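Q: I'd like to ask you about the structure that follows.
The values are calculated or read from the model by the stated rules, or taken from the named source; none is laboratory data. For clarity, every value in this text was computed on a predicted model and none was experimentally measured. Counting neighbours? That spans all protein chains shown, and the Cβs are built from the backbone with ideal geometry, glycine included. Quick note on the areas: whole protein, heavy atoms, side chains included, nothing else; ligands and nucleic acids left out. Shrake-Rupley method; radii C 1.70, N 1.55, O 1.52, S 1.80 Å.
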Amino acid sequence: MTQPLQAKQVSVSFDGLRALSDVTLDIPPARVSGLIGPNGAGKTTLVNVLTGFQSPTTGSVVCDGRDVSGLSAHKLRRLGVARTFQGGRLFKDLSVLDNLEVTGVGLGLTRREAASRAVDMLDWVGISHLMTDIAGSLPYTDERRVGIARALMMAPSFVLLDEPAAGMSAHEADDLADLIARIVKDMKCGVLLIEHNISLVLKICEHIHVLDSGELIDEGDPAHIKTSEKVLHAYMGTQGDVDMQGAIL
Amino acid sequence: MSTTKHPSVLAQTVSTPVILIGGLALIAVLTWAFGSNIFGRTVTEMFIRVALVVGMFTFIGNSGVISFGHAGFMCIGAYGSAWLTIPPMMKKVLLPGLSPMLANAELTFFLSLIIASLFAGVIAFAVGLILMRLSGIASSIATFAMLAVINTIYSNWGPVTGGTSSVVGIPITTGVWISFGGAAAAVVIAYLYGISRSGLALRAGRDEAVAAAASGVDIYRERLIAFTISGALCGMAGVLYAHFLGVVNPDAFYLGVTFISLSMLVVGGMSSLSGAVIGVVLISAIIELLRKMEKGITVGEGTLSLPNGIQEIAIGVVMIVILMFRPGGLTGGAELSLTRTSANDGYSKKDQGSGNHPDNKPRR
Ligand SMILES: Nc1ncnc2c1ncn2[C@@H]1O[C@H](COP(=O)(O)OP(=O)(O)OP(=O)(O)O)[C@@H](O)[C@H]1O
Ligand SMILES: [Mg+2]
């Protein structure tokens, strides 16, 4: 796909609570973009909107030049918009191989074809040794990597990673950074990285969007974000997330 | 990308249906060799139940949605075959409202078995178009409503169904071997569905519907496929039952059979095919034992007999006890298997823990 995945003036309200207000953003193909913001800023809600899990109250989602706002999640996945989940959400009773196979089958392959693609994908991500493990028994970081591998099955045009580095050590986060670089380079896939690990975002994203209380308050390249008053202010206002403040300050 | 060799799912899992059918065949052979007539009837009834419960499993086990309505498909299959096989002379009197085509039909048992089962499948498909859009408890309640509707129609559409009175004159053809054949066919079909694309996708959606959608799975579609196949299998069980008794009436396919068949599924373990079969065999054995004891056993001079109704109570107690100690049923969702790889093929469910993550709940 040569066109960006776009949110156009998207607003989402949950019974009066405004989770997103008039958010417009482009996720360009074959690039890494970042999305940061304090807890409850609306990042996951935006991912849900972009992947068909949440219909925008107003505004639209455009994929490949076409308005896809009304499409259900499985159809958007078939159009090449993949995602991972903050909570992993692996099929915990299935083997790792089958977790990937489901995507192949969901996108129309036979089980045999899907299994062989899944084997290749596990190899590509470097987790072939997990193939026969039951997904529900995996440690946290492996669970994350399987989630990413599952999303990458069948080479999506875009993949939205919702806090993939949560709970990872610095070393593991470095591996993740390498993996994301390969996703872009080898698969020509556009990545949206949502992370509280700001240093990771600053390191690998070309363009970063900042969300606070449902509004996009700033965007730009890492150099700009690092020095942005608005961003600093948004994070200073929150408690907790010492990590983020630390990374920015 | 290279194509890597990976053992096929069939090769890894085929021992499960082979073991199950082998076990049932053993029961059939022993019954044929040593059993009395009466025992033969008990075993026949058990095989019919295997077909029914395995049919229910095809939907319930793979989708995780409990259905209270599958006895309705049994009803549809049974009456369908009654319409097709009762001699036309009798039908003119008993069921004057039948269309000429049905009124004049007098099909052979096997042809009728296939047509009436498919008919139940078609009805399941039509109902499923609506019901499968619902999820969770709403869909379970809706299946119960469907059962009530089917029962009401068959109880009141006198000219076509004979109303609440029994429809007689159905050729009696179902014996031990034919019912065994039906049970074995149900096991094979349920197994093949389980390892199919649709079966895998549906099981993925069972616990993580959201993640399944994010994998391109259209859960509605997969549920509809499973519901249709399972409706046809339960319809087949109904046909076998009609040709076992020679008589049908709507209340034979209502709450009683719903309760028993769901108990069997739950006791065996509702998320494995082995569980469905084991549950039927076990509960059938208990029922038979209690039935004997209700009639009374001679102890020395007098006879000792249990009060009537003890069957239902005992089944209820067995179910509660098993669920207390093994919430996943006797099999806990695992399959009987020779290769011990069933855990790796996604065809079995190992652990019943709840793993809901604090993600946003998508609204669609
Ligand atoms: N399904 C829902 N129903 C009601 N409110 C919701 C729903 N989903 C999200 N919200 C609310 O919308 C706001 C944005 O939540 P969201 O999960 O998108 O934030 P986030 O940026 O992903 O936060 P985090 O960094 O903690 O993951 C929060 O106030 C949240 O409570
Ligand atoms: Mg979030």
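Q: Within region B:72-170, considering only helices (runs of 4 or more DSSP H) that don't extend past its boundaries, which have at least 2 residues that are among the polar types (S, T, N, Q) and within 30 Å of residue B:218 (Cα to Cα)? Break it down into steps so the answer makes sense when it comes.
A: On the way: elements: B:88-94, B:100-104, B:109-131, B:136-156, B:158-161.
In region B:72-170, the matching helices (runs of 4 or more DSSP H) lie at B:136-156.
Q: A further question on this structure: Among the residues of region B:271-280, is any within 29 Å of residue B:78 (Cα to Cα) and surrounded by fewer than 21 Cβ atoms within 10 Å (Cβ to Cβ)?
A: no
Q: Exactly one condition in (1) more than 21 Å from residue B:213 (Cβ to Cβ); (2) within 8 Å of another protein chain (Cβ to nearest Cβ); (3) part of a helix (DSSP H, G or I); (4) not small (Gly, Ala, Ser) is not met by residue A:132; state its number.
A: Residue A:132 satisfies every listed condition except (3).
Q: Among the residues that make up region A:60-68, is at least one of them within 16 Å of ligand 2 (Cβ to nearest atom) and either under 20 Å from residue A:189 (Cβ atoms) or buried (at least 24 other Cβ atoms within 10 Å of the Cβ) (or both)?
A: Of region A:60-68, the ones within 16 Å of ligand 2 (Cβ to nearest atom) are none.
The answer is no, given that none of the residues of region A:60-68 is within 16 Å of ligand 2 (Cβ to nearest atom) and either under 20 Å from residue A:189 (Cβ atoms) or buried (at least 24 other Cβ atoms within 10 Å of the Cβ) (or both).
Q: Quick check on region A:176-205: of everything there that is of a type in the set (Val, Ile, Thr), closer than 19 Å to residue A:143 by Cα and assigned to a helix (DSSP H, G or I), which residue is farthest from ligand 2 (Cβ to nearest atom)?
A: Only one residue tops the list, namely A:183.
Q: Of the conditions (1) among the hydrophobic types (A, V, I, L, M, F, W, C); (2) in contact (Cβ under 8 Å) with a residue 24 or more places away in the chain; (3) not in a helix (DSSP H, G or I), residue B:323 clears all except one; give me its number.
A: Answer for residue B:323: the failing condition is (3).
Q: Quick one: which of A:82, A:30 is assigned to a strand (DSSP E or B) and more than 13 Å from ligand 1 (Cβ to nearest atom)?
A: Only one candidate passes the filter, namely A:82.
Q: Okay, moving on. Of all residues in region A:4-29, count the ones that are free of Cβ contacts under 8 Å to residues at least 12 places away in the same chain and on the phi > 0 side of the Ramachandran plot. Steps first, answer last, please.
A: Just the residues of region A:4-29 that are free of Cβ contacts under 8 Å to residues at least 12 places away in the same chain, to begin with: A:14-17.
Cutting the leftovers down to on the phi > 0 side of the Ramachandran plot gives us A:15-16.
Qualifying residue count, region A:4-29: 2.
Q: Find the helices (runs of 4 or more DSSP H) located wholly in region B:176-242 whose residues include 3 or more that are of a type in the set (A, V, I, L, M, F, W, C) and open to solvent by 30 Å² or more (accessible area, probe 1.4 Å), and list them.
A: Correct list: B:176-195.
A quick yes/no check of all residues on (1) of a type in the set (Asp, Glu); (2) open to solvent by less than 30 Å² (accessible area, probe 1.4 Å); (3) over 24 Å from residue B:277 (Cα atoms):
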| residue | (1), (2), (3) |
| --- | --- |
| B:296 | no, yes, yes |
| B:305 | no, no, yes |
| B:308 | no, no, yes |
| B:316 | no, yes, no |
| B:320 | no, no, no |
| B:323 | no, no, no |
| B:328 | no, yes, no |
| B:337 | no, yes, no |
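Q: Restricting attention to region A:1-27, which residues are surrounded by fewer than 23 Cβ atoms within 10 Å (Cβ to Cβ) and more than 16 Å from ligand 1 (Cβ to nearest atom)?
A: Matches in region A:1-27: A:1, A:2, A:3, A:4, A:6, A:8, A:9, A:24, A:26.
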